[in-house]
Structures are given as structure tokens and as C-alpha cells.
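Here is the structure we will look at.
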Amino acid sequence: MGLISVPLLLVLFYYSIKGGVFGELPADHILSKIENNVATEIYSADSVLIGRFYLQERTRTDYDNISPNVINALVATEDARFYEHDGVDNRSLLRVIFKTLLLGDRSSGGGSTITQQLAKNLFPRKDHGFLSMPVTKIKEAITARKLETIYNKKQILAMYLNTVPFGENIYGIEMASKRFFNKKAKYLKPQEAAVIVGMLKANYTYNPRLFPEKSLKRRNVVLYQMLKYNYLDEQQYNSLKKKPLEINYTKITHNTGIATYFREYLRSELEDWCEKNTKPDGSTYNLYTDGLKVYTTINSSIQKYAEAATSSHMKELQQIFNNHWNTGNPWNAQKSLLTAAIHSSHRYKQLKRKGLKEKEIIEQLNKTVPMKLFSWNGDQEVKMSPIDSIKHNLTMLQTGTMAMNPDNGDILAWVGGIDYEYFKYDHVNINTKRQAGSTFKPFVFAAALEAGVDPCDFVSGEKTTYTNHSDWSPGNASADEYNKKYTFKGALAHSVNTVSVKVLEEAGIENTIDLAHRAGVISELPEVPSIALGTAPVSLMEMVSAYCTFANGGYAVKPRYITAITDSRGKVIKRVKEEKSKNRVIKEETSMMISSLLQAVVDEGTGARYRSKYKMTNDFAGKTGTTQSNADGWFIGYNPEIVIGTWVGADNPSIHFNSTGLGSGASMALPIVAKLLDKIQDNKKLRPMGYAKFSPLPDRLARYLDCEAEKEDKQFMQWLFGKKDGQDEENTATFGEEEEEEKKNIFNKIGNIFKKKKKD
């Protein structure tokens, strides 16, 4: 009677679980629509994964994109009879019942199939007291059999490998492969697959980064299992088990990888987009769980080159800056600078909230504590007082660099600062504004050309006081510039302030502001003559976008950084079309002339070190910019296929070089652009962009800008028509017989030319 009652009780127990007494089992319609939290992935224009947004770092992949080595290692190690059972391995189940449950021998193994483990991963276990183990096992067995009726074996293997955790907050085979071997799962070799599958037993204990010796031993166990079940032959096994453990650990976090500042800018934009857009079921998209794929305009190679150029130059420049202030501190003349920095620090605000008085707070901030500090020689673990760390960060020079395609506004590179982990403030962002300095002057001269001002009219560099503007009197960088007269070419090449303001008067302040706004400067520009010198704060993104007008023949472009967004299955849910603007800002002739004038800046003016120091020979136009007291250094350069802008300075404008030789845009910003272009030219695919040429100026424009030729023409006409320099039209000149004869011959030649043209 007792023997009969035990099987009966087991049957009743089984059906009570199946009937939901111990909690509802997942319904078939839920099992048929299994979804996991999947990270959103960000891709460059050249299909390089540059970042993710996630709660759990997971990337879903299909069976066909998983190496057979992974499948073989998994089946051999976790479920040798996987292809034979229907979700439950009865032989293993009996072993669990008699050895594990009845005899308490946990070393005999768990007996779960891959399908049961999938059920466990999908539906976390619940506590049922002393019945937890049998209830859980039966639930998972029932769910596993359901899964096997809905999905085939390949689908189950793929689902399992997409859901299983590998530690370090990463889930799924694709992420594990990229994290530990920096490759896609479809390319894993047998020994690499064995390392990853070996982690399933205990992902922390067998983590190859943390415990390489344990991981190696576990790898060889998996390789033996592959030999045992004929997935490897003896020769392969003997060869592979002798190989050392080799990993290529690659971790991309929000603080690491390429384009970190761009990704953060993108994150806030995408969060806003997700809130405003709904899925087919009516729910809004979730940036961190829905597995979106975002395709951007960033070129991964140009981005890497921009970051390398930034690091190379800023490391050198910081050392120069430190040496410049070696005998003092930039805030010595303004003690309030340091005080303000202390008061805005996180630690100060924390102590203030606790109710400490000022003296007590300063005492706390002067105490030495362990901290991690940024340096150009690598992260430093130091013991330092918070106030000393504030001083350290206060003197760090920052930068922003952006590269853009002038034809369509595609953003090719975005470097918002020197290190995102330590300095989150983005110096490219449209909301980050600094005075543009002389980089604004091309808009003044463009407006003047549009207004019909002759670029060869000589303008005096003489100092002028503007009584209608509070007796404002702009100065020049060099004293001898006040005694000279300049054409447009000379004024722009040498960035003469007094001439630029006078050209602004001829162009009209309103006309200049209107032109700049139409070109892409969206910041407010006050109607004052000082805007000619770039005193209005603008963002780097605005300036780069506006310079595209000069590079593309006179059209405004709208910055574009996303090309498409797809859902986790690859269906396009948003597409941002390429837009070549038809909004003409300036005449094509004007853009060509400005480009010619700005080439002179690079060839012989303030940007000449592009040629002399960096030996760059390509067609290039550009403008340097240096604001008052050397607070900001700018350089924006371009050819017909790329516009690059760079800003350099300290976060606080009062921290700066005291020497214009060191603190000018040519010294602080231009080198980044030169180094970036040099790398682009070395890249076979990008070389055409780096060496793009400007179209030759038509003869009429070339003559219009050739002020020496114009001067000679005027002298010739004066001679031809009998007028000399300084003579009135009423005066006449007397010439010798030879001159009169020469004049007669010239008139005859001119007459013949006109007759021929008329005949033609």
C-alpha cells in the first residue's frame, strides 16, 4: 500500500504544479514571443560598433552567426544528448531524483538539459520553502517540453546562448565573444569557444581576465568533452590543449571607446526620440532594453585620427602651459577664481549640505585622501587633498574638434574634450559657446563682397575710436599694422582687426549678421562693430557648419549625425535622408573668392605654420582665431570635401597663456587640424578627401582679386590715356614722339581686337 501511494503522490504533486498551485506556468503565447532586454547599439557610417546603451549588456544574434565550435562545445559540455531528447533527459532526471534528491549527492550533477537551463534563464526561480528544488525542477521540465514543441533545436540553442550570463553584466554569446576576444561569435576558434563555454559553470570563477589559470584548466576540460563526443579528433585535442590562454579583452563603456562625447550627446537625443515614438503595440521605445540599432554619420577612422591628433597635441601643449606658469599660478591675480572653483566642486556641496561652516569645509578639503587623477601620462592613483585636485583640474587645457562633410552636413568626427571619464563637459555641443575671435571675420568679408565692395580697395589700418559705441577702439596684434593699408587678402591673411571693423562698416552690420545666421550661426549676434572681431559667443558646431557655406559653393547645410534607426530585428523605424541644401547663402563667386582669400591665410598669413611646420602641401583654406588675453584659440580649415574646426582653451576663460605667441589659435588649435589631415592623407580610402582641390578661379575673379595686376592695369591706363598719378583729369601730359607712336600702335591693336570680336 505504501509503495503504491508514493507514485500516486508524485503524480498528484506533478499535476498540482502543472495546474498552477505553486504559481502560474508561462503560457504558450508568452513562450512564442520571448524577448530579452537587449542593448541599443551605435554604429559608425563605416559599420563599426562604437558604443551601446544598456541595462544588461546584451546583443541578440542568430544561430547562423554563431560559430559551430561554440555549439559543439556547449552540447558536449552541458547536454550531450541534446539532439535526442524532447527538452528533458530522462536518464539525467532519474539520476537527479535518486542521487541528488534522495541520497543528497550534489556532486552527481544537476541533470538539467540546455532547454531546461533556457527555461531557468527566462523565468527566474521562486522560493517554495523545502519544496523549492522539486517544484523548480518540475516547472522547468514542463516549460522545457513546451519550448521544444514551439521551437526547433537550432532556435533553442540560439535562444540559450543569447540569454545566458557571462559575468561583468554581459549577457549572450555575442557580447562575451566581443568582450573577451574582440571578435564576432561566428569567428570563434575551438579553444576560444571552449573558454567561453567553460565560463557557464561559474562565470566569475572561470573569468579568463580575472583567473587565467582556472580558466585554462576549465577550457581544457571542455576540449576533452569535445573529444569525448567526437567534435574533435585526438590530434586536434592534443594540439589545442597545449596552447596558452590568449584573450583580447575589449570593454566599451560609456567612458571608454571612441566618440564618447558624441555618444553622450546622442544618448540624450535618442531618449527624447524614444519618448515621442511608439512601437506597433502602442508602447514607447526603450533606449536601454529594446535592442535598437542606430546608424550614424561618424567615420570611425576620421574619429580615431581626430582623437589621436587631439591627444598628441594637447599633451605637448599642457606641458608648455605648465612650464609657462612654472613660477606661479594662473589665479594668483584673481583669488576669486580658485574660490569659485572650490565652491562649485561636488565635495564642497556635499559638506555644505551636511551643515558644516566654511572654515570646517576648507579644513576637510585640505585633508589628503586617496583619489584617481587624470594625467597625460596615464591615470594616477594618488593621495591628494581635494583642493589640490581642484587646482590640478583648473589648469587643464580643454579642446573640441569637429569634422563635417560640407556637401551634406554629415558629421564625420566629434571630439568634445580631452577625456570623457574625467571631464564630461562637451566643447562641441551646440550649447557650449565661446568667443569665436577672428574665425568670424570671413563672414564680414563675404558680406562686403556681396555688397559690391572692391577687395582691392586699400583700407587703412589706422586706429579708430568709435564714439557712438562708448569710445570703443579696437587694436591690432602688431604696432606696425596701424601704419599700413590693406586689401582684403592682406587684411584676412594677417587678421588685421582695425581693417576688419572698417570692412564691416562697408558691408553693413545687419547684412553681416544676416549672412552669418543664414550660413548656420544660430547664436545671437549683437549689432555692434565688435562682432567683426568675433566677440559674440558661438559654438564650435555652429562655426563648422557655417564654414561649409564657403567650402560647398555658397549653400547652407544642416548638421546630420543619424542616418537610420532600426528595431532589434533590423526593420527601419526612422530614416534621416541626406539633404543637399538648396538654400543659397552667398553667390558661388563669393564663396570662391573667400576660399581664395583664406588659402592665403594658410599659405602666407597667420595659419602659415600649416605649411612651414607641418609641411602640408594640399589645397587648404582656413582662419585662425585668438580672443582677448588668449582665452580662446581657434582654427577652422577646409577643402571642398571636409571642414574641420578646433577650439582650445581652459574651461575658465581667465585661465590662459600670457603670451600670444603661445596662446594664439595658430599655436593652440591649428596643430590638431594639421595632424588630423596628415592622417587622413595617409589613409588610402580617405586620401582623395585629404587632397581634394579647389576649382581654379575663373579669369575674371582671379583678376578681380589680383590687386597687384589691378594696380598695374590702372597705371597702364593712366599712361595710355595721358593721366599720371596725382594729376587731375583736367591736366594734360606731354609725351615724346616715341611714346606717342607707341600709344598709337596700342590703340590700333585694341581697335583690331574689337573688330575681330564684333566679326566673330
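Leaving out ligands, DNA and RNA, and with a 1.4 Å probe, what % of the accessible surface on segment 286-405 is carbon or sulfur?
Summing carbon and sulfur atoms, their accessible area is 48 percent of the total for segment 286-405.
What does the highest-first list of 246-259, 188-201 look like by mean Cβ count within 10 Å?
Per-residue Cβ counts within 10 Å, averaged per peptide and sorted highest first, yield 188-201, 246-259.
Leaving out ligands and nucleic acids, and using a 1.4 Å probe, what accessible area per residue does segment 569-682 come to in Å²?
39
Taking the Cβ of E579 as the centre, find all other residues whose Cβ is under 14 Å away and add up their charges (Lys, Arg: +1; Asp, Glu: -1).
+3
Counting only protein heavy atoms and a 1.4 Å probe, tell me what percentage of segment 569-690's accessible area is made up of carbon and sulfur.
45
Of M371, M543, which has the most accessible area with a 1.4 Å probe, and how do the rest follow in descending order?
M371, M543
Name the trypsin sites (Lys or Arg not before Pro) in segment 317-354 that are in a loop by DSSP and that have at most 13 other C-beta atoms within 10 Å, would you?
Qualifying residues, ordered by number: K354.
Could you please state, rounded to a whole Å, how far the C-alpha centre of segment 552-593 is from the C-alpha centre of segment 319-350?
42
Round to a whole angstrom and tell me the spacing of the C-alpha centers of segment 398-455 and segment 266-312.
22
Stretch D651-Y83 to full length: gain in nm at 0.36 nm per residue minus the Cα-Cα span?
Full-extension gain reported as 198.2 nm.
Counting just the Cα atoms, what span does segment 487-597 cover along each of its three principal axes? Round to the nearest Å and put the largest first.
For segment 487-597, the Cα spread along each principal axis is 61, 28, 23 Å.
Could you check the simple spin-label distance between Y425 and K228, using points 7 Å along Cα→Cβ, in nm with one decimal?
According to this spin-label approximation, the distance is 6.1 nm.
Using a simple spin-label model with points 7 Å from Cα along the Cα→Cβ vector, what separation in nm is obtained for A202 and A564?
So the two model labels end up 4.6 nm from each other.
Ignoring ligands, DNA and RNA, what percent of the accessible area of segment 141-221 is carbon or sulfur (1.4 Å)?
Percent of accessible area from carbon and sulfur atoms in segment 141-221: 52.
So what's the net charge close to E234: Lys and Arg +1, Asp and Glu -1, counting the other residues with Cβ under 14 Å from its Cβ?
Summing Lys/Arg as +1 and Asp/Glu as -1 gives +2.
Taking a probe of 1.4 Å, how large is the accessible area per residue of segment 453-540, in Å²?
44
Would you mind getting the accessible area per residue of segment 210-288, heavy atoms of the protein chains only, 1.4 Å probe, in Å²?
Counting only protein heavy atoms, the per-residue value for segment 210-288 is 60 Å².
With every protein chain left in place and a probe of 1.4 Å, what is the accessible surface of D619, to the nearest 10 Å²?
We get 40 Å² for D619.
Could you compute how much accessible surface H427 exposes when probed at 1.4 Å, giving the result in Å² to the nearest 10?
Surface accessible to solvent at H427 totals approximately 10 Å².
Treat each spin label as a single point 7 Å out from the Cα along the C-beta direction, and report the D388 to A308 distance in nm.
Going from the D388 label point to the A308 one covers 3.6 nm.
In terms of solvent-accessible area of protein heavy atoms at a 1.4 angstrom probe, what is the ranking of F211, F694, F488, highest value first?
Output order, biggest surface exposure first: F211, F694, F488.
Of the GluC sites (Glu not before Pro) in segment 556-625, which ones lie in a loop per DSSP and count no more than 14 other C-beta atoms within 10 Å?
Hits after loop and neighbour filter: E578, E579.
Any idea what log10 I(q)/I(0) is at q = 0.10, 0.13, 0.20, 0.21 Å⁻¹ for segment 150-264, Debye with uniform C-alpha scatterers and no solvent?
Calculated log10 I(q)/I(0) at the listed q: -0.33, -0.55, -1.12, -1.20.
Could you please state, rounded to a whole Å, how far the C-alpha centre of segment 168-238 is from the C-alpha centre of segment 596-644?
Measuring centre to centre over Cα atoms gives 53 Å.
The values are calculated or read from the model by the stated rules, or taken from the named source; none is laboratory data. Nothing here was measured: the structure is a model prediction, and the numbers come from that model. In this analysis, Cβ positions are derived from the backbone assuming ideal geometry, glycine residues included, and neighbour counts consider all displayed protein chains. Calculation scope for accessible area: heavy atoms of the full protein, side chains included, ligands and nucleic acids excluded. Shrake-Rupley method; radii C 1.70, N 1.55, O 1.52, S 1.80 Å.
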